[in-house]
């Protein structure tokens with residue numbers, strides 16, 4: 001089954017404790033991206049990647065890092081999480097090298113930073 | 001600045017009634033247009049998309065949307081709403097510079 005898998009689905013942690021949210025897709029997609037969803041703001045792009053070893057900042061990259069060492073994986077790293085990063089996060093992928101194609105979304109990761 | 005506006009934060013309709021969700025965007029050229037639906041606890045699922053050609057596009061679950069260049073709009077419609085359509089709906093716009101913008105979303109409640 002074609003899917004985008006995020007882990008964990010839920011996480012409560014404390015300020016400053018490094019965390020990683022994993023994202024994996026099994027569709028051989030080139031394009032992957034991370035969004036955060038906040039009430040009243042819709043989805044805002046954090047980072048995206050057009051291919052292996054190619055990543056770019058989205059609208060709200062501050063406080064986040066990503067890597068794309070393999071085509072299928074695109075982890076989101078919070079080196080020193082802060083409460084304002086409490087949010088619902090989505091990973092997405094598409095089979096083109098740009099964002100102008102329908103994206104497949106994971107089920108989301110709800111992060112709470114205390 | 002490129003932006004996507006969904007003017008209605010929350011809409012309530014009766015089951016069987018028609019539905020129209022509004023979406024406006026700012027862009028000089030023709031963008032790539034999408035509507036996604038998000039059920040509680042789920043990711044976003046694509047309902048339909050518009051890239052070019054016929055300005056009335058059909059999607060899944062009986063939804064359709066019409067691109068109106070003169071109004072910079074891409075409104076989503078359904079002639080008869082079902083209780084299972086209750087969800088949050090997002091309009092998204094893809095621009096030629098790899099930028100993808102989402103609206104703030106419209107939450108749909110369906111009354112019995």
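Read-outs throughout are calculated quantities, based only on the coordinates presented, and are distinct from any laboratory measurement. Not measured: the values here are computed from a predicted model. Positions of Cβ are backbone-derived with ideal geometry, glycine not excepted, and every protein chain shown enters the neighbour counts.
The order of A:38, B:54, going from fewest to most other C-beta atoms within 10 Å of their C-beta, is B:54, A:38. Between residue A:86 and residue B:26, the distance separating the two model label sites (each 7 Å from Cα on the Cα→Cβ line) works out to 3.1 nm. Counting 0.36 nm for each residue step from residue A:65 to residue A:52 and taking away their Cα separation leaves a gain of 3.2 nm. Pick from A:77, A:46, A:12 the residue whose mean-square fluctuation is largest in a GNM of chain A, springs joining Cα atoms under 10 Å. Highest fluctuation among the options: A:12.
Running a GNM on chain A with Cα contacts under 10 Å, which residue among A:58, A:16, A:40 ends up with the highest mean-square fluctuation? Looking only at A:58, A:16, A:40, the biggest GNM fluctuation is shown by A:40.
Indicate, rounded to the nearest 5 percent, the antiparallel portion of the DSSP beta bridges found entirely in chain B. Beta bridges within chain B, antiparallel portion: roughly 85 percent. Give me the Debye-computed log₁₀ of I(q)/I(0) at q = 0.16, 0.27 Å⁻¹ for the stretch B:40-112, equal point scatterers on Cα only, no solvent, two decimals. Taken in order of the listed q values, log10 I(q)/I(0) reads -0.65, -1.53.
Considering every alpha-carbon pair of the protein assembly as shown, the percent of pairs per 5 Å bin, from zero through the bin containing the longest distance, is 1, 7, 15, 19, 19, 16, 12, 7, 3, 1, 0.
Shielding value for B:99-106 is 6, the average number of Cβ atoms from other chains within 10 Å of each residue's Cβ.
Between B:63, B:74, B:51, the Gaussian network model of chain B with springs among Cα atoms under 10 angstrom shows the greatest mean-square fluctuation at B:51.
As a length-normalised measure over Cα pairs under 8 Å and 6 or more apart, the relative contact order of chain B settles at 37 percent. By the count of neighbouring beta-carbon atoms within 10 Å, fewest first, A:76, A:43, A:88, B:56 end up ordered B:56, A:88, A:76, A:43.
Counting Cβ atoms of other protein chains within 10 Å of each Cβ in B:37-48 and taking the mean gives 4.
Counted residue by residue at 0.36 nm each, then reduced by the alpha carbon distance between them, the extension gain from residue A:38 to residue A:9 reaches 8.8 nm. For B:101, B:69, B:77, the sequence from fewest to most other C-beta atoms within 10 Å is B:69, B:77, B:101. The distance separating the Cα centre of the stretch A:67-113 from that of the stretch B:37-56 comes to 19 Å.
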